[in-house]
1. If I fit a long axis through the Cα atoms of helix 67-83 and take the longest principal axis of the Cα atoms of the chain, what angle between them do I get, 0 to 90°, rounded to 10?
2. What nm distance separates the two modelled labels at residue 74 and residue 13, each placed 7 Å from Cα along Cα→Cβ?
3. Put a dot 7 Å past each Cα toward the Cβ at residue 49 and residue 33; how far apart are the dots in nm?
4. For the chain, take the longest principal axis of its alpha carbons; what is the angle in degrees between that and the long axis of helix 7-26, to the nearest 10 within 0 to 90?
5. Taking the Cα atoms of the chain, report the difference between the largest and smallest coordinate on each principal axis, in whole Å and largest first.
């Protein structure tokens, strides 16, 4: 079952995953090189940007309407941090 945007995208993602794992096993020094350039930080940033660009307007409005839930979560996070549970 494919949960992507289409069958072509799923095939491309599977091929990219298998290719990346194969390349990593074949040349592990490329992973060390990517780590020296902090590639994981840039790729994480890129994933969040792309995810944000694909959001529908209705979902953005729904998230903005739920701001009290965000404030509640932030307060809980701060209280737990100062209580020493983290």
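Just so you know, all these numbers are worked out from the coordinates, no wet-lab data involved. A quick note: this is a predicted structure, and the numbers were derived from the prediction, not measured. Quick reminder, even Gly has a Cβ in these numbers, built from the backbone with ideal geometry, and neighbours come from all protein chains shown.
1. Once rounded, one gets 90 degrees.
2. Calculated label separation equals 3.2 nm.
3. My value for the distance between the label points is 2.3 nm.
4. Between the helix axis and the principal axis of the chain, the angle is about 70 degrees.
5. For the chain, the Cα spread along each principal axis is 48, 37, 24 Å.
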